[in-house]
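The values are calculated or read from the model by the stated rules, or taken from the named source; none is laboratory data. Note that the structure is predicted; figures quoted are calculated from it, not measured. As a convention, Cβ positions derive from the backbone with ideal geometry for all residues, glycine included, and neighbour counts pool all protein chains shown. Only protein heavy atoms, including side chains, enter the accessible area calculation; ligands, DNA and RNA are left aside. Shrake-Rupley method; radii C 1.70, N 1.55, O 1.52, S 1.80 Å.
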Amino acid sequence: MANHARAIKTIGILTSGGDCSGLNAVIRAVVCRAIEFHGWRVLGIRQGTMGLMRRPVEFEELGMRIVTSNILRMGGTILGTTNKGDPFAFPMPDGSLRDRSDELIEGYRQLGLDALIGIGGDGSFAILRRLAAQGGFNLVGIPKTIDNDVGATENSIGFQSAVAVATEALDRLQPTAASHDRVMILEVMGRDAGHIALTAGIAGGADVILIPEIDYTLESIAAHIAKVRERGRNFALVVVAESVKDTLGQKVHRRHGGGGTTYGGIGHRLGEEIAAMTGAETRVTVLGHVQRGGEPNPIDRLIGSVFGVHAVDLVAAGRFDRMVAWQNREVVDVPLADAIAAPQQVDPDGALVRTARGLDISFGDG
Ligand code: F6P
């Protein structure tokens, strides 16, 4: 991977992939460290890599006004982002796919950047690394995703805030479930990992947690709900991760207006089947993008700030093709290749699954 030894004067920053809470805290920290301590210019690129593809290149110079503003507390990303449009296979209006990577690299050159800080998940990092190799530019990555599936880091920006939202949803579902003697099913995001479901499920007192990493049967879920009833409780809380398979072994997808397909719908399928099998009245809540928006919680603000400062210092030290990471209560950095080698799923034998089982929470596999 290229490492241009010239002195750093100007860096670019972009947010890529799905947004989440805490991105602005990262941007703020990068701007502060780069300008105040290193005397560099910071150019914020609009809409992820898309901004470098457009002409004129879409960017704004970020100044210390960013640091003194209120963005630490703000959800979303002030730079905008996209989770569509792979520049190596960019969808054109005629339906064809075109490699537009050269245009994007040319955009990087036009800005006179000496390095780029990319805030993204594994998909974005794979694209950015390829671009960096092809264009010979210097790249440092900062992990973000509510799914927390980036490897080599215990925390990605946005995960903790999403967990807080999902936990609050369970807190709100519990009293209404108890009032109506209902089984409440909460479908949460997480792509192919069950981290949000598992973490919020424990924190929010779920009875059943269904994650893609552990296979379930309806019979086992029904038996657990029966046990809950025998103990005198008239309601139950079930959390299901969006990529859990249905009883036919299929992942459930939803096609969206305007394009795009995501996971979604397993909650409603399970709700019907649990009702049929247990006789319980069920209601389903699909939390959706509520998990991505809103103010970042304190941990995301904190780790975002730590990551931003460390990423700038990696650039200053000429240590590129690396990703900042959170390990054992410390910020560290790891090769980007290691971080994206494999998605980080829930360890079915890990501490959180063991804890849940110790609390008699069912994974539907008993
Ligand atoms: O990767 C983040 C995530 O929120 C996933 O949990 C979810 O499956 C997906 O993005 C939703 O994507 P979109 O923003 O395109 O609806």
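Results, tabulated for the structure shown:
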quantity: Strands (runs of 3 or more DSSP E) contained in region 127-238 and holding at least 1 residues at pLDDT 95 or above and farther than 22 Å from residue 333 by Cβ; calculated: 182-188, 208-210
quantity: Count - residues of region 266-288 that are open to solvent by 50 Å² or more (accessible area, probe 1.4 Å) and either over 30 Å from residue 78 (Cβ atoms) or more than 16 Å from the ligand (Cβ to nearest atom) (or both); calculated: 9
quantity: From 146, 119, residue being under 18 Å from residue 50 (Cα atoms), in contact (Cβ under 8 Å) with a residue 60 or more places away in the chain and within 14 Å of the ligand (Cβ to nearest atom); calculated: 119
quantity: Residue list for region 269-312, restricted to those being assigned to a helix (DSSP H, G or I), within 24 Å of residue 240 (Cβ to Cβ) and among the hydroxyl-bearing types (Ser, Thr, Tyr); calculated: 278
quantity: Close pairs (6 angstrom Cβ cut-off, 6 or more residues apart or separate chains): within 19 Å of residue 211 (Cβ to Cβ) in region 247-265, open to solvent by 70 Å² or more (accessible area, probe 1.4 Å) and part of a loop (DSSP other than H, G, I, E, B) anywhere; calculated: none
quantity: Region 189-233, subset more than 20 Å from residue 276 (Cα to Cα) and of a type in the set (Lys, Arg), residue surrounded by the most Cβ atoms within 10 Å (Cβ to Cβ); calculated: 191
quantity: Selection status of residue 136, open to solvent by less than 70 Å² (accessible area, probe 1.4 Å) and away from the ligand (no atom under 16 Å from the Cβ); calculated: yes
quantity: Conditions (1) touching a helix residue (DSSP H, G or I) at 6+ places or on another chain (Cβ under 9 Å); (2) within 16 Å of the ligand (Cβ to nearest atom); (3) more than 26 Å from residue 72 (Cβ to Cβ): number failed by residue 291; calculated: (3)
quantity: Selected residue (criterion: nearest to the ligand (Cβ to nearest atom)) from residues of region 235-264 that are open to solvent by less than 70 Å² (accessible area, probe 1.4 Å) and of a type in the set (S, T, N, Q); calculated: 262
quantity: Whichever residue in region 166-196 is under 30 Å from residue 343 (Cβ atoms) and of a type in the set (Asp, Glu) and, among such residues, is nearest to the ligand (Cβ to nearest atom); calculated: 192
quantity: Residue satisfying condition, being under 23 Å from residue 38 (Cβ atoms) and among the basic types (Lys, Arg), within set 130, 109; calculated: 109
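Condition check ((1) open to solvent by 70 Å² or more (accessible area, probe 1.4 Å); (2) over 30 Å from residue 237 (Cβ atoms); (3) more than 19 Å from the chain's Cα centre (by Cα)) across all residues:
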site	(1), (2), (3)
320	no, yes, yes
326	no, no, no
330	yes, yes, yes
339	no, yes, no
343	yes, no, no
349	yes, no, yes
354	yes, no, yes
359	yes, no, yes
364	no, no, yes
